[in-house]
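The values are calculated or read from the model by the stated rules, or taken from the named source; none is laboratory data. Remember, predicted model here, so these are calculated numbers, not experimental data. Counting neighbours? That spans all protein chains shown, and the Cβs are built from the backbone with ideal geometry, glycine included.
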Amino acid sequence: MKKRVLSNVHSDKLYEQVHDYLLERIRRGEWRAHEKLPSIRTLAVEFNVHRLTVFKAYQQLKLNKKVYVKDKSGYYVMPDSMMLIDSQHNPIVSACVHESSLSEIHQVQADYQFSKALLDPNLLPNHYFSEYVKKVFDLYPKVLGTYSTIQGDLELREALSRYFTDQYRFYVSSNELLITSGSLEAIDLIARVLIKPRDAVLLERPTYSPAIDVFRRQGANIIPVEIHPYGYQLDQVEALMKKHKPRLFYLNPTFHNPTGYTVPAEQRKRLVEMAHKYQCLLVEDDPYPDIYFEEKPPLPFFAYDTSGCVIYIRSFSKYIAPGLSIAAVACRPFVMNYVLKAKSLSDSGTPLLNQKIFLHYFFSERLQQHIEKLRIALEIRKSIMEEELSVSGWKWSSPNGGFNLWIKLPESISMERLLEKSIEQSISFVPGSIFDPLKEYNSWIRMSYSYLNEQQLRDGLKQFVQLYRLLSLSE
Ligand SMILES: Cc1ncc(COP(=O)(O)O)c(C=O)c1O
């Protein structure tokens, strides 16, 4: 039997790891409704823990109605319908608030989708995009019948290599670049090859929530690092690196999702030195660097790295072409070899057609000018959101870029009730706990100003503030 090794954490926490592991597998549908789950004895051997630890994990799952016990014969998967029997609440609300599931909130069909950290499709230059599609078919008549190489189209990698040197002053050769289908794929590949159960992984708190799920699925021991408007407390990060010897630190230091915070240049340099000293890889996720409102953000961590301890993931899907889903991973050869292997098992390369269209479209002068307009449009939308919320008494730190406001509400109101009533009024937002590896931040929310137009922002926010007032009066 394959043994799973749990983190070397306090035994009170061991059952939580068994619990999270089982829950993740149930969620992924590895066991069907009413299917019998492995016995306590089997799991205890598999995880090399005491049976009581597994029992405690099962009790927690039972309490949360994820499993049920049948005739003392063992634990069985609770079907969805049974899970919801006792819930008087909207299932989407329950999933968001109790299970921290981001995908649920994206299913909400609302008129005012403040939950979507996506670009308003009307802000994309659709009218001339089609010209590049045609151009690609003229230039590469066989493109539709051709797979990409696993690493990605060489012409695109060479263009990106020049682009990174021009823009960010770091040299990365085409061999040190991998094209992926979005940055989430890159995070997933990196986690697959670098993390095994029990490895310590540092994650910002709050953080991009799918990253929590990806590292948790690998069985990582997740150690949170608070991110503040001024960055991290580096002495604390150093203490964590010293104590836990983390395999990697996943970070999103520029216009961070969900907070909008940016880690200053000085900290970037010091953290890279620290990572080198403690042999901890820094996985830098950078999907918004061009969406700055005043000054350009500092150079990526990758630009300060001379030892190969930074893996840089640059997504081009958030504001260039979400429909093409192109991202690039820059890393040194010893990491690239592993990641390439994982990519070859995941697909046969990111679609060549998407890569070629992206190449001609992204490096066109028109698109670069368009990004300038995007910055202005998004800054206006951010100002509108801040203006409408200024009467609310809520608190946030105004971001210098990105798509989101990270807002602190007074603690008096139930998040579940607020989300439920908002959805009834066709308004969606994301509860803060979704972004928290510790599932706290219960009085924080993320609202995106990127998806709705100016009028929708004004109307929706007026309605939302009014709703909040009414609810807080009745609590
Ligand atoms: C920090 C962060 N990483 C990754 C992603 C996913 O990007 P992609 O669409 O390239 O997979 C997002 C999208 O919201 C994000 O905010």
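What helices (runs of 4 or more DSSP H), lying completely within segment 122-209, carry at least 2 residues that are within 30 Å of Glu454 (Cβ to Cβ), away from the ligand (no atom under 16 Å from the Cβ) and of a type in the set (Lys, Arg)?
Values: elements: 126-139, 154-168, 183-194.
Fully inside segment 122-209 and qualifying: nothing.
If I ask for residues that are closer than 25 Å to Leu124 by Cβ and either touching a residue at least 60 places away in the same chain (Cβ under 8 Å) or crowded, with 23+ Cβ neighbours inside 10 Å (or both), which ones from segment 317-337 would you list?
At the first step, the residues of segment 317-337 found to be closer than 25 Å to Leu124 by Cβ are 317-329.
Hits for segment 317-337 are Ser317, Lys318, Tyr319, Ala321, Pro322, Ser325, Ile326, Ala327, Ala328, Val329.
Would segment 390-400 turn up any residue that is part of a helix (DSSP H, G or I), more than 25 Å from Ile320 (Cβ to Cβ) and not aromatic (Phe, Trp, Tyr)?
no
Can you find, within segment 317-342, the residue that is nearest to the ligand (Cβ to nearest atom) among those that are under 20 Å from Lys356 (Cβ atoms) and in a strand (DSSP E or B)?
Of everything passing the filter in segment 317-342, Ala327 is nearest to the ligand (Cβ to nearest atom).
Go through (1) under 17 Å from Gln279 (Cβ atoms); (2) within 16 Å of the ligand (Cβ to nearest atom); (3) part of a loop (DSSP other than H, G, I, E, B) one by one and return the number of the condition Pro246 breaks.
(2)
Take the conditions part of a helix (DSSP H, G or I), away from the ligand (no atom under 16 Å from the Cβ) and among the aliphatic types (A, V, I, L, M) and apply them to Val214. Does it pass?
The answer is no for Val214.
Just to verify a result, which residue in segment 289-316, among those that are more than 23 Å from Leu359 (Cα to Cα) and touching a Pro at 6+ places or on another chain (Cβ under 7 Å), is farthest from the ligand (Cβ to nearest atom)?
Once the filter is applied, the top-ranked residue is Pro298.
Please name all residue pairs, on different chains or six or more residues apart, with Cβ atoms under 6 Å, provided the first residue is in segment 193-213 and is in the same structural domain as Leu438 (by TED's automatic domain parsing) and the second residue is assigned to a loop (DSSP other than H, G, I, E, B).
So the pair list comes out empty.
In this structure, does Ala342 turn out to be in contact with a Leu (Cβ under 8 Å, 6 or more places away or on another chain) and small (Gly, Ala, Ser)? Quick ask: steps written out before the conclusion?
Values: in contact with a Leu (Cβ under 8 Å, 6 or more places away or on another chain): yes; small (Gly, Ala, Ser): yes.
Answer is yes for this residue.
Can you pull out the residues in segment 244-263 that are more than 19 Å from Cys309 (Cα to Cα) and not aromatic (Phe, Trp, Tyr)?
His256, Asn257, Pro258, Thr259, Gly260, Thr262
Restricting the search to segment 210-248, which residues are among the small types (Gly, Ala, Ser) and over 22 Å from Leu184 (Cα atoms)?
Listed by number, the residues that qualify are Gly231, Ala239.
Assigned to a helix (DSSP H, G or I), in contact with a Cys (Cβ under 9 Å, 6 or more places away or on another chain) and surrounded by 14 or more Cβ atoms within 10 Å (Cβ to Cβ): does that describe Glu379?
no
Scan segment 391-403 and tell me whether some residue there is more than 16 Å from the ligand (Cβ to nearest atom), in contact with a helix residue (DSSP H, G or I) (Cβ under 6 Å, 6 or more places away or on another chain) and not assigned by TED's automatic domain parsing to the domain that holds Thr207.
Yes, the conditions are met somewhere in segment 391-403.
Could you grab me the full set of residues in segment 258-268 that are among the charged types (D, E, K, R) and surrounded by fewer than 23 Cβ atoms within 10 Å (Cβ to Cβ)?
Glu266
Quick check on my filter: what residues within segment 145-169 are in contact with a Phe, Trp or Tyr (Cβ under 9 Å, 6 or more places away or on another chain), surrounded by fewer than 17 Cβ atoms within 10 Å (Cβ to Cβ) and at pLDDT below 95?
Once the filter is applied, which keeps residues that are in contact with a Phe, Trp or Tyr (Cβ under 9 Å, 6 or more places away or on another chain), surrounded by fewer than 17 Cβ atoms within 10 Å (Cβ to Cβ) and at pLDDT below 95, segment 145-169 yields only Thr146.
In segment 304-316, which residues are surrounded by 22 or more Cβ atoms within 10 Å (Cβ to Cβ) and either acidic (Asp, Glu) or outside any strand (DSSP E or B) (or both)?
Asp305, Cys309, Phe316
Name every residue in segment 279-288 that is surrounded by 17 or more Cβ atoms within 10 Å (Cβ to Cβ) and more than 16 Å from the ligand (Cβ to nearest atom), in order of residue number.
Hits for segment 279-288 are Cys280, Leu281.
Residue-wise test of (1) under 26 Å from the mean Cα position of the chain (by Cα); (2) assigned to a loop (DSSP other than H, G, I, E, B); (3) farther than 18 Å from Ile222 by Cβ; (4) not assigned by TED's automatic domain parsing to the domain that holds Arg216.
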position	(1), (2), (3), (4)
Gln17	yes, no, no, yes
Glu24	yes, no, no, yes
Arg41	no, no, yes, yes
Leu52	no, no, yes, yes
Gln60	no, no, no, yes
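Just to check your reading of the model, which residue among Phe249, Phe255 is surrounded by 20 or more Cβ atoms within 10 Å (Cβ to Cβ), of a type in the set (Phe, Trp, Tyr) and either more than 23 Å from Val329 (Cα to Cα) or without any contact (Cβ under 8 Å) to a residue 60 or more places away in the chain (or both)?
Phe249
Restricting to segment 232-280, name every residue that is out of contact with any strand residue (DSSP E or B) (no Cβ under 7 Å at 6 or more places or on another chain) and at positive phi.
Gln279
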